[in-house]
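As structure tokens, the structure follows; a few thoughts come after it.
The values are calculated or read from the model by the stated rules, or taken from the named source; none is laboratory data. Everything numeric in this text was worked out from a predicted model, so none of it was measured. Virtual Cβ from ideal backbone geometry, glycine too; neighbours counted across all protein chains shown. In case anyone asks, the SASA skips ligands and DNA or RNA and just uses the protein heavy atoms, side chains included. Shrake-Rupley method; radii C 1.70, N 1.55, O 1.52, S 1.80 Å.
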Amino acid sequence: MAVVFKKTEGLTDKQFHYCPGCTHGIIHRLVGEVLEELEVVGKAIGVAPVGCSVLAYDYFNCDMHEAAHGRAPAVATGIKRILPDNVVFTYQGDGDLASIGTAEIIHAAHRAEKFTTIFVNNAIYGMTGGQMAPTTLIGQKSTTSQAGRDAATTGMPLRMSEMFATIDGAVFVERVSVHDVAHIRKAKKAIKKAFEVQLEGKGFGIVEVLSTCPTNWGIAPVESLTWLKENMIPYYPLGNFRTPEEGK
Amino acid sequence: MAKAKGKVRFNEDRCKGCELCTTACPVNIVIMDKKRINVKGYNPATVDEMEKCIGCGNCATICPDLVIEVERETK
Ligand SMILES: Cc1ncc(C[n+]2csc(CCOP(=O)(O)OP(=O)(O)O)c2C)c(N)n1
Ligand code: SF4
Ligand code: SF4
Ligand code: SF4
């Protein structure tokens, strides 16, 4: 018998604090596996956000830096410019990236900063107890949209990947999901590609990962996977929006 | 072609009883052990008919908490 699946070297042994069934854990693992496969664990530097993944610095088995809410791209910019040979990434939620930190991420992409962003879109503010995010779906209930999000007063959910696809400096943009095994495998391929783009020095890369928040959605973990598939994917279509041309 | 043979091991103390692994097994052998409670206070996931395991790794791929290790027979 040969071991075909075991914990990656890209993660520490520390147990995740995430709620049961929260897919943040799957996304952490994919990033860890990619760092290991690309043999860059030793030279990776991650920037953790504010949000449920605020403790990510305990889980990734590489150097980590904490950033103020939404400011991870600014911190990553500094790190990557000073240490261009290191592999730098940010790991950010949708409240962090698409709300308070919108300016930082848009301008990091616009300047074609050569780091990688893992953007976890779970359509809600998880850590603070389930408030509405810019990405919350129309009709979705949250503690600040108790009758369901209403477009007339709060606008339509923000599609970040589509926005990045209009920015020249964002050379790799893909939206993936982790609601079943086939999609988890696809998500890993996209994350790997995004890091390869950084290693080739081509520009800014971002992977938006649709993720669940069973606790604040108020939906059991298994049913949350179905909810994501049936409600999030129709509004947030999966696929690659931007990839560098070969040989460029 | 004979089916591949596999074996899974649960690092049970890490399990949070979320049941995601039970949705991913092609031979439906991953179940929740309702008779036991782990250190975290959850009914842990387990496999009851290990001889049916094909070592595909699906259960480990969907587990958010790195509970499962998978082995497969190599010929
Ligand atoms: C400057 C600042 N404003 C507000 C907060 C409160 N706060 C903490 S986490 C969070 C939202 C997190 O949501 P998200 O980024 O979607 O991550 P999740 O918890 O869902 O993974 C907010 C508003 C803060 N910590 N700092
Ligand atoms: S609150 Fe939501 S996002 Fe945060 S750990 Fe729990 S399930 Fe995950
Ligand atoms: S490795 Fe595959 S066959 Fe074996 S228990 Fe896990 S999902 Fe089932
Ligand atoms: S997916 Fe992992 S944490 Fe969830 S029940 Fe299965 S083994 Fe336990």
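For residues that are more than 16 Å from ligand 3 (Cβ to nearest atom) and surrounded by fewer than 22 Cβ atoms within 10 Å (Cβ to Cβ), scanning just region A:5-15, find the one that is nearest to the other protein chains (Cβ to nearest Cβ). Among residues in region A:5-15 that are more than 16 Å from ligand 3 (Cβ to nearest atom) and surrounded by fewer than 22 Cβ atoms within 10 Å (Cβ to Cβ), the one nearest to the other protein chains (Cβ to nearest Cβ) is A:15. Exactly one residue out of A:130, A:126, A:95 is within 14 Å of another protein chain (Cβ to nearest Cβ), small (Gly, Ala, Ser) and within 16 Å of ligand 2 (Cβ to nearest atom), and it is A:126.
The strands (runs of 3 or more DSSP E) falling completely within region A:150-248 that include 1 or more residues that are farther than 25 Å from residue A:51 by Cβ map to A:170-177, A:239-242.
If you go through region A:140-185 one residue at a time, how many are free of Cβ contacts under 8 Å to residues at least 24 places away in the same chain and within 14 Å of another protein chain (Cβ to nearest Cβ)? Going through region A:140-185 one residue at a time, the tally reaches 3.
Could you list, in sequence order, all residues of region A:132-146 that are open to solvent by 20 Å² or more (accessible area, probe 1.4 Å) and over 19 Å from the mean Cα position of the chain (by Cα)? Matches in region A:132-146: A:138, A:139, A:141, A:143, A:144, A:146. Of the strands (runs of 3 or more DSSP E) lying entirely inside region B:1-72, the ones with 1 or more residues being closer than 23 Å to residue A:18 by Cβ, open to solvent by 70 Å² or more (accessible area, probe 1.4 Å) and more than 10 Å from ligand 3 (Cβ to nearest atom) are found at B:6-10. The residue that is farthest from residue A:22 (Cα to Cα), counting only those in region A:206-239 that are open to solvent by less than 10 Å² (accessible area, probe 1.4 Å) and away from every other protein chain (no Cβ under 14 Å), is A:206.
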